[in-house]
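The values are calculated or read from the model by the stated rules, or taken from the named source; none is laboratory data. None of the values given here were measured: they were computed from a predicted structure. Ideal geometry is used to build each Cβ from the backbone, glycine not excepted, and the neighbour counts take in all protein chains shown. Please note that ligands, DNA and RNA were not included when accessible areas were found on the heavy atoms of the full protein model with its side chains. Shrake-Rupley method; radii C 1.70, N 1.55, O 1.52, S 1.80 Å.
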Amino acid sequence: MVGRDRRARRRRATSKKDIQQGVQTPPVALTIAGSDCSAGAGIQADLKTFSALGVYGLTTLTCVVAEIPGKVSCIEPVSSDLVREQIAILSKNFPIGAAKMGLLCTAEIVEAVARALLDLSADSAKRFPLVVDPVIIATSGDRLLEPAAVEAYENEIFPLAALITPNLNEAALLLGTKIKGRQSMKKAATALANKYRVPILLKGGHLQGVNATDLLFHRGKLTELSAPFVRAVATHGTGCTYSAAITAGLAAGLSLENAIRRAKKFVTGAIAQRFRWTSASGKTLEALKHSL
Ligand code: PXL
């Protein structure tokens, strides 16, 4: 595993010729996502994560969201032609090592992204692993994705993915079931992997306990990934940060499992060192959540 990681990292990040010429270039990752003006989630979180992990980040903007932690006030999509053109021009001109997808906003954009990625996959030199974070509902409970887009995701995006990273709410919506405890989480991760035939990382952060435990279903095997649960903290943007960190690892040539393990540590550290946001009335996000 480790040997293969190293070889792939060398191949993607820096060629022999680069080293001889004294030119070292970082790996490149692309995020296809929405803008969160409060910068805890979305494309802003992705770029910060890529930079923190030594990866050059490219962006394809899908929509602009006016929001603060805990409240979305307005959301507007970018035209699907412009979304498609961003992906096309970037992929022609940058050596993309991996990409992630966050909020796609409308069914039309989901379809445009799928078409752009399918065009690329016809050229083997332009194929890269794709991490799909199926952003449907914000942690605040606000709906971010048009209902009609869910089917387009299932039919057109999931088949292209190297990994899908639903949280418990998204997994429940995709399966049409409730997920309450550890056992039902295991069942859900297996059911999603069987349904979509793609590795699944089911994030259990919303099931509060001593540990925040996620389940990875990959190559017919379920693996538990645990980190200490950071208590009494309401978060915004952890899902985006997690999938961006996995993507950064893949762009740098790590195996899927190693990229996920490193990303889990990165997110736990990011939560511990979070910016302590307070509302205009001086309330923390935790206090606002309790008053809902
Ligand atoms: O955390 C999900 C998310 C993703 N992308 C954008 C968002 C949010 C949540 O608010 O605004 C752009």
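With respect to the numbered conditions (1) within 12 Å of the ligand (Cβ to nearest atom); (2) open to solvent by 20 Å² or more (accessible area, probe 1.4 Å); (3) outside any loop (DSSP other than H, G, I, E, B), which one is the sole condition not fulfilled by Ala125?
The single condition Ala125 does not satisfy is (1).
Determine which member of the set Leu285, Leu250, Leu254 is open to solvent by less than 20 Å² (accessible area, probe 1.4 Å) and at pLDDT 85 or above.
Numbers: Leu285 fails: at pLDDT 85 or above; Leu254 fails: open to solvent by less than 20 Å² (accessible area, probe 1.4 Å).
Checking each option against the conditions leaves just Leu250.
Being out of contact with any Phe, Trp or Tyr (no Cβ under 8 Å at 6 or more places or on another chain), modelled with pLDDT under 95, among the small types (Gly, Ala, Ser) and open to solvent by 50 Å² or more (accessible area, probe 1.4 Å): is that true of Ala172 here?
Details: out of contact with any Phe, Trp or Tyr (no Cβ under 8 Å at 6 or more places or on another chain): yes; modelled with pLDDT under 95: yes; among the small types (Gly, Ala, Ser): yes; open to solvent by 50 Å² or more (accessible area, probe 1.4 Å): no.
No, not satisfied.
Could you count how many residues in the range 48-99 are of a type outside the set (A, V, I, L, M), within 13 Å of the ligand (Cβ to nearest atom) and touching an Asp or Glu at 6+ places or on another chain (Cβ under 7 Å)?
Matching residues across the range 48-99 total 3.
Please work out if Leu53 is closer than 30 Å to Asn258 by Cα, surrounded by 18 or more Cβ atoms within 10 Å (Cβ to Cβ) and in contact with a Cys (Cβ under 7 Å, 6 or more places away or on another chain).
Working: closer than 30 Å to Asn258 by Cα: yes; surrounded by 18 or more Cβ atoms within 10 Å (Cβ to Cβ): yes; in contact with a Cys (Cβ under 7 Å, 6 or more places away or on another chain): no.
In short, no.
Being away from the ligand (no atom under 16 Å from the Cβ), touching a residue at least 12 places away in the same chain (Cβ under 8 Å) and not polar (S, T, N, Q) is the requirement here; does Glu154 meet it?
yes
Can you name every residue in the range 27-47 that is assigned to a strand (DSSP E or B) and either among the β-branched types (Val, Ile, Thr) or within 11 Å of the ligand (Cβ to nearest atom) (or both)? First the steps, then the outcome.
In the first step, residues of the range 27-47 are kept if they are assigned to a strand (DSSP E or B); the result is 28-36.
Residues satisfying the conditions are Val28, Thr31, Ile32, Ala33, Gly34, Ser35, Asp36.
If we scan the range 222-230, do we find a residue that is under 21 Å from the mean Cα position of the chain (by Cα), at pLDDT below 95 and outside any strand (DSSP E or B)?
The answer is yes, given that some residue of the range 222-230 is under 21 Å from the mean Cα position of the chain (by Cα), at pLDDT below 95 and outside any strand (DSSP E or B).
For the range 133-159, enumerate the residues that are in contact with a Ser or Thr (Cβ under 7 Å, 6 or more places away or on another chain) and under 18 Å from Val83 (Cα atoms).
Answer for the range 133-159, where residues must be in contact with a Ser or Thr (Cβ under 7 Å, 6 or more places away or on another chain) and under 18 Å from Val83 (Cα atoms): Asp133, Glu146, Ala149.
Please specify each residue of the range 137-147 satisfying the condition of being farther than 18 Å from Leu288 by Cα and surrounded by 21 or more Cβ atoms within 10 Å (Cβ to Cβ).
Those that are farther than 18 Å from Leu288 by Cα and surrounded by 21 or more Cβ atoms within 10 Å (Cβ to Cβ): Leu144, Leu145.
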